[in-house]
Structures are given as structure tokens and as C-alpha cells.
1. Hey, what D do you get for region 362-464 in µm²/s if you plug the Kirkwood alpha-carbon radius into Stokes-Einstein at 25 °C and 0.890 mPa s?
2. Name the long-range amide H neighbours of His105: under 5 Å, sequence gap of 5 or more, or other chain; modelled H, no Pro or chain starts.
3. What ³J(HN,Hα) values, in whole Hz, does the Karplus curve 6.51 cos²θ - 1.76 cosθ + 1.60 give for region 263-273 when θ = phi - 60°, with x put for Gly and Pro?
4. Would you mind checking the radius of gyration and Dmax of the chain based on alpha-carbon positions, in Å?
5. Considering only protein heavy atoms and a probe of 1.4 Å, how much of the accessible area of the chain is carbon and sulfur, as a whole percent?
6. What is the distance in Å between the Cα centres of region 330-378 and region 248-291?
7. How many Å³ per residue does the convex hull of the Cα positions in region 245-356 occupy?
8. By its C-alpha gyration tensor, with a ≥ b ≥ c as the square roots of the eigenvalues, how is region 211-259 shaped: rounded for a/c under 1.5, else prolate for a/b larger than b/c, else oblate?
Amino acid sequence: MSTEPAARPGVAVTVNGAARALVGAQPPVTALDWLRGLGLTGAKEGCAEGECGACAILLARPAPDASPAAPTAWTAINACLVPAAALAGQEVVTAEGLGAPDALHPVQRELAVRGGSQCGYCTPGFVCSMAAEFYRPGRGAFDHHALSGNLCRCTGYRPIIEAAEALVAPAADDPLAARTTAPPPSAPAHALPGWVRPGSLTEALARLGEPGAVAVAGSTDLGVEANLRGARPDLLVAIDRLDELRVLTVADEVVEIGAALTLSEVEARLAGRIPLLDAVFPQFASRLIRNGATFGGNLGTGSPIGDLLPALLALDADVVLVGPAGERTVPLTAFFTGYRRSVRQPGELIARVRIPLPLATTTAFHKIAKRRFDDISSVAVAFALDIVDGVVRGAAIGLGGVAATPIRATAAEHALAGAAWTPAGIAPAAAALAAAGTPLDDHRASASYRRAMLGQALPRLLAEQPGGRAS
Ligand SMILES: Cc1cc2nc3c(=O)[nH]c(=O)nc-3n(C[C@H](O)[C@H](O)[C@H](O)COP(=O)(O)OP(=O)(O)OC[C@H]3O[C@@H](n4cnc5c(N)ncnc54)[C@H](O)[C@@H]3O)c2cc1C
Ligand code: FES
Ligand code: FES
């Protein structure tokens, strides 16, 4: 007879195929700690801040591209950042659920035979990230970026990459592959002490009106606040699965992106329609983080180094806010009022962003960071220029990391208007860009370095264009 506690309706989790009662899961308990408490100790805590991937697990989530043929995707996430309460009603697979020593999963087998594991601390996390890519419908070549959030301190990455590249398609009778063709689990309304998943936007707004209530979406920012800085909100209100916040529409004059869509979902659903965002996605954290991080969360942090913000400024986006009194639309240029402050009132949510069409002809995103990938910006510059017959007819430039808020480089934009798209023509605008903002010295970069990066951004963009030549 099973010794498992009976699963209560609405708060059970399917872990490696078995229903487990979600007991002892109130915040600040993380999904990682809760799973490890079940004895599933494959997933590890390496950093507790989303940087190492040792905690990666798989969740059955709505497929990023919302494909009717394969509506569910095995999605790898950082279990150290996500509240355990968010697992209610979900299906979780850990490295233990993929295979066993006498029946290894193909990913585990390839890692083992190719020497992709030494101390093994990182291995369960690599296994889960690799398995998510293994099960990606229509996968051709293995996408190396699927592993960008996983660190290994001893094996070296060559055998790990060789293992990934040796993978073939899942077997015809693979149960996890079959699972992708059925609908994903819904996210049932439920509550635990300090946590609520409302059943509707109306209920979410009502709960957010309570003292100490904080909205949580992917928890990639709040999870770090909880783990490293001891943040303990009185009530977390989960908004990540509210249908009203998960709509993406493309019309003749505007693209609307729901605030609770993750970066991975927006990337898949836009399918290249907004090249400037496509330039941002691979430079934003790792696939593990992008599978959780939402558009609304990036705006909600109000961080001056949020990477979506310069891009959305250059795209001339509006923010649609929703509160108890209804919706209101604010230009993103008027959204931020100071360091991590905005016009959003307590109790209001970001519902979606609106990007007007048509798009500018020439766009680019320059992220200056200490590492090429998976790092926080020191400076970010997003360009959206209309260049017609060698003349700049319109310019919007968004900047991150050079002021207390993300800003538009208005002086440089004015200097570009009507300028020849040549080294001499852009020189005044490049000088204006070098003087934009009020960069500071901090642990990421000095103010003078930031100014230097701003000053070379336009010449670099010109050089990157076909036939372009820097001065
Ligand atoms: C390892 C790591 C790497 C990272 N790298 C990058 C990077 O390269 N670039 C970058 O820009 N960021 C990066 N981040 C920061 C973070 O991932 C992003 O800011 C992300 O978009 C936050 O989204 P979320 O859904 O996880 O937000 P959450 O953590 O759920 O929430 C963050 C804040 O936004 C609020 N919020 C969330 N949704 C809404 C909404 N709809 N309306 C109003 N408020 C809302 C919450 O109340 C909270 O205050 C990184 C984080 C980690 C841990
Ligand atoms: S423990 Fe390092 S990413 Fe979660
Ligand atoms: S095998 Fe030791 S950390 Fe990767």
C-alpha cells in the first residue's frame, strides 16, 4: 500500500508520472527544495540565482509556438527560482524520471558514453536542458543555446556538446514524446499560505489590492530577490497563466504582446516578424531563464538594464495597464518616472505591450556585457532607423544602462534626421549619442567605458550594414 499522503484536488503535482500532494510548499519554499524534499536529489542548488542550471527540471508547458499538432512542450526551467506552489496541477519530470541506471534515457546514455560527466554535480541539470531540446517538435540540428544556462566546472563542454549532437529523434514509443501531442496541464486556481493562483484577471486584481500583495510571473527576478536578498512578500499573486495576459496578436497597424508570455513564447510566436526583438532574444540570459521570464516581468522590475526596454523604446511601444478601473495606455517613453519607478499604480498590472507597424527598415541591438551570452548588460543600444536612398528619414534609439531609467537618445535621433548614412553624415549623431544619459561607474563598467560604447555604436552599426564602412 502506498505511504504517499493523499493528493488534495487542485494542489497535486504529477512528478515523474506519480501524483504527489503539494504539502509544505508555501513560499518561500522553491520547487527545487520541495522536489529534493521528496528524495529527488538529482537537481542541485549551485547558485540559487538562475546562473548555473544545476537545478533544471522539465515541466509540461504550453508549446511556445502554440502548435495544435504538439500543444505541449517539455520545458526546462530553473527550479531554484520558481515557488513550489507554482507547480500545483503541473507535470514535472526530473532527471530521475527520465531514466534509471539500468535503463538510461538517450540523453543520459550519450552523456555517459561520451564522458560528459565527471563529478556529476551539473549532470542532472544538463540532462534536463538537453532532454527539453531532444523533445522539441521538428528539431533538426541540436540547438546549442538550449544548454546556455548550464555550467560545468570539470568536464569541459566538448564531450557535452558531442553528446547533444549524437542524439537522434525520440523513439516512436517514447512516452514523453507522445505527451507533447496532448494538451498541456491547465493551471488550476488554488491558494496556500502566502500564495494564490487566481482563476481570473478580475480575481487577480482584487487580490493585488490586498496589503503586501505582489504579482509573480516567471519569478526569474523575484526568485533571486527571495533567495539572495530574503524578500518575503505577504502574498504572491500568480499571474503567469492568466489567459487575458497571454494573447499575442498581429494586425495591420499594431502587434500586441501579452505581458505574461515568456520570451521563449514570444520568440516562437512572432517567428521573425520583429527583427529587433529577434536580435534581443538570444542575448537575453539563457534558454532556461527565457522559458520563465516574461515581457511584463521585464517591465515590472523597472530595471534600467532590462534588455527588452531599449528595444521596446526604439520600437515606439505603448504599455497597456489594467486595474480595477479598467485599462489605460501609456507610451513607454512616459512609463518610467525614476529608478525602478513607473506610472503603474499599486494594484495595476501590465496587460500587454503594443508595437506600432510598419517597422523601421534597419534595426539592431548592441548589448555590451562582460560575456557574449548569459550576462547582464553594461550598456544596451537598440536602433530602429528608416534609411531611404542613403539618407536617414527617421530614427528611434533606445538606451539601457546609462541612466536611472531606460531612455530614448533624442538628441542623437534629431541629429540623424535627414543625415547621410555615411561616416561623415552620422558623425554629429554619434557625438550626441556619446553624450546621452548620465552613465555611472559601477561593478559592471565605468562611466567612461559606457560613454565610449555609446560613442562607437552608430559607426559600428554603419559598418555592420551591407556595404557599410566605419570612419
Ligand atoms: C540568471 C539571470 C539572468 C538574467 N538575464 C537577464 C538579461 O540578460 N536581460 C534582462 O533584461 N533581464 C535578465 N534577467 C532578469 C529577469 O529574468 C527579467 O527581468 C525577466 O523579464 C523578469 O520576468 P519574470 O516574469 O520572471 O518576472 P518576475 O520575477 O515574476 O517579476 C518581476 C517583477 O515584475 C513584476 N511583474 C511581473 N509581471 C508583471 C505584470 N504583468 N504587471 C506588473 N508587474 C509585473 C513583479 O511583481 C516583480 O516586481 C536575468 C535574471 C536571471 C536570474
Ligand atoms: S541553482 Fe544555479 S541556476 Fe538554480
Ligand atoms: S561534471 Fe562536475 S560540474 Fe559538471
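The values are calculated or read from the model by the stated rules, or taken from the named source; none is laboratory data. Predicted model only: the values in this text are computed from it and were never measured. Positions of Cβ are generated from backbone atoms using ideal geometry, with glycine treated the same way; all protein chains shown enter the neighbour counts. Remember, those area values only see protein heavy atoms, side chains included, never the ligands or the DNA or RNA. Shrake-Rupley method; radii C 1.70, N 1.55, O 1.52, S 1.80 Å.
1. Numbers: Rh = 13.6 Å.
Stokes-Einstein gives a translational diffusion coefficient of 180 µm²/s.
2. Sorted by chain and number, the residues that satisfy this are Gly99, Ala100.
3. 4, 4, 5, 5, 4, 5, 6, 6, 6, x, 5
4. 22.9, 81
5. Details: 10580 of 19340 Å².
After summing per-atom areas, the C and S share lands at 55 percent.
6. 13
7. Working: hull volume 10.9 nm³, N = 112.
Cα-based convex hull of region 245-356, divided per residue, equals 97 Å³.
8. On the way: a/c = 3.90, a/b = 2.48, b/c = 1.57.
Cα axes put region 211-259 in the prolate bin.
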